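Notes follow once the structure below has been shown.
The values are calculated or read from the model by the stated rules, or taken from the named source; none is laboratory data. Not measured: the values here are computed from a predicted model. Here Cβ is always computed from backbone atoms with ideal geometry, including for glycine, and neighbour counts include all displayed protein chains.
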Amino acid sequence: MIAWNRAAGLSLALLLTSATSVTAVETVDIEAGLFVDYVAPDAGALTPGSITFGFYGTPEVIAADAVLVPPADTNLPFLASGAPVCLQVTRDLGEITAMTLIAECTVTGPVTLVPDAFGPGVGAYLTSDRVITPESLVFAFPGLETLMKTTADSGGTLSITFTSDPSTGIPISLVATTEIAGPVTMLPGGDVTVGSATLPDEVIDATARALLQQAADLGYSATVSIAGSSVIDLTGETAIVDIVLLVTPTDGGALPDTAQPQRTPLPFAASGWLLLLSLLASVSLVRTATRRSNMRDRAR
């Protein structure tokens with residue numbers, strides 16, 4: 001016969017409840033894009049590490065015995081303050097306990113222009129605090145301007161999905177999408193404004209231009225969905241901007257048959273696309289805490 005000890009049973013129940021609660025605290029998240037201020041943990045010395053996800057992020061503690069799945073253990077120091085990175089991060093009780101480089105991740109959010117980001121007259125576009133792009137490069141390449149500047153000007157959202165090589169953590173391709181909408185104005189020189197954003201002449205093909213012109217002539221608004229994709233390598237790069245134009249009447253009336261939505265792929269070679277969104281986006285100035293601090297001060 002087994003005797004039941006109420007006190008022991010209660011203690012066991014509390015222990016099980018406590019264990020369940022601790023387990024439930026563990027979370028697994030995907031961290032995409034830039035990370036800075038990385039300090040590797042040292043299990044031998046029982047020294048925790050730290051990492052900050054995003055340009056304005058809050059430093060997080062990495063447990064001394066955290067599992068950094070290879071090649072994260074050796075590559076994270078070199079990826080810090082650099083190209084967008086895809087990481088699977090396990091946290092337990094507010095502490096990072098494991099990190100793994102993975103093949104895909106997405107950065108989604110607003111794009112903001114931060115003047116003097118890297119010093120006087122050197123601004124940058126910051127996408128959801130995770131992808132930083134020098135302003136000069138955005139203006140140099142119409143494909144990038146179409147994605148980043150239009151999103152910033154319209155107050156919309158840009159989504160960038162990176163595919164990375166898990167054996168290195170370096171991105172190898174990307175797909176970016178955004179959308180602008182509003183009244184259409186055809187500008188001298190070929191650019192077109194849609195709402196508060198401007199589409200560069202170079203990325204508008206004949207079909208898209210005809211629909212935008214028709215919207216402008218009829219006084220309609222237009223919604224323009226834009227997708228850009230690129231294979232990232234170290235020898236050459238091409239950005240394909242695929243414009244999707246949807247024209248809708250502001251008065252709710254019917255559109256002429258000739259103004260129906262059309263999909264108009266427009267190949268647009270943009271030398272430097274790779275460097276911008278991967279390697280050049282890792283401008284070494286980001287590595288300096290002083291300049292990042294200056295950027296924060298100016299943004300306030």
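Some observations on this one:
- Residue in region 192-206 that is modelled with pLDDT under 85, surrounded by fewer than 16 Cβ atoms within 10 Å (Cβ to Cβ) and either small (Gly, Ala, Ser) or touching a Gly at 6+ places or on another chain (Cβ under 9 Å) (or both) present: yes
- Note on region 160-170: among residues that are out of contact with any Cys (no Cβ under 8 Å at 6 or more places or on another chain) and buried (at least 19 other Cβ atoms within 10 Å of the Cβ), the one that is modelled with the lowest pLDDT is 170.
- Residue match in region 102-115 (condition: over 25 Å from residue 138 (Cα atoms) and touching a residue at least 40 places away in the same chain (Cβ under 8 Å)): yes
- Candidates 162, 141, filtered to the one that is in contact with a Gly (Cβ under 7 Å, 6 or more places away or on another chain) and either touching a residue at least 60 places away in the same chain (Cβ under 8 Å) or not aromatic (Phe, Trp, Tyr) (or both): 141
- Set 133, 178: member being modelled with pLDDT of 90 or more and assigned to a strand (DSSP E or B): 178
- Evaluated against (1) within 17 Å of the chain's Cα centre (by Cα); (2) surrounded by fewer than 17 Cβ atoms within 10 Å (Cβ to Cβ), residue 107 falls short on exactly one condition, (2).
- Pairs with Cβ under 9 Å, 6+ apart, first in region 116-136 and under 25 Å from residue 175 (Cα atoms), second of a type in the set (Lys, Arg) and modelled with pLDDT of 90 or more: 125/149; 135/149
- Flag if residue 138 is of a type in the set (A, V, I, L, M), buried (at least 21 other Cβ atoms within 10 Å of the Cβ) and in a helix (DSSP H, G or I): yes
- Residue selection: residue 157 satisfies the criterion of being touching a strand residue (DSSP E or B) at 6+ places or on another chain (Cβ under 9 Å), closer than 11 Å to residue 111 by Cβ and modelled with pLDDT of 95 or more.
- Any hit, region 114-121, residues being modelled with pLDDT under 95, under 21 Å from the mean Cα position of the chain (by Cα), in a helix (DSSP H, G or I) and surrounded by 15 or more Cβ atoms within 10 Å (Cβ to Cβ): no
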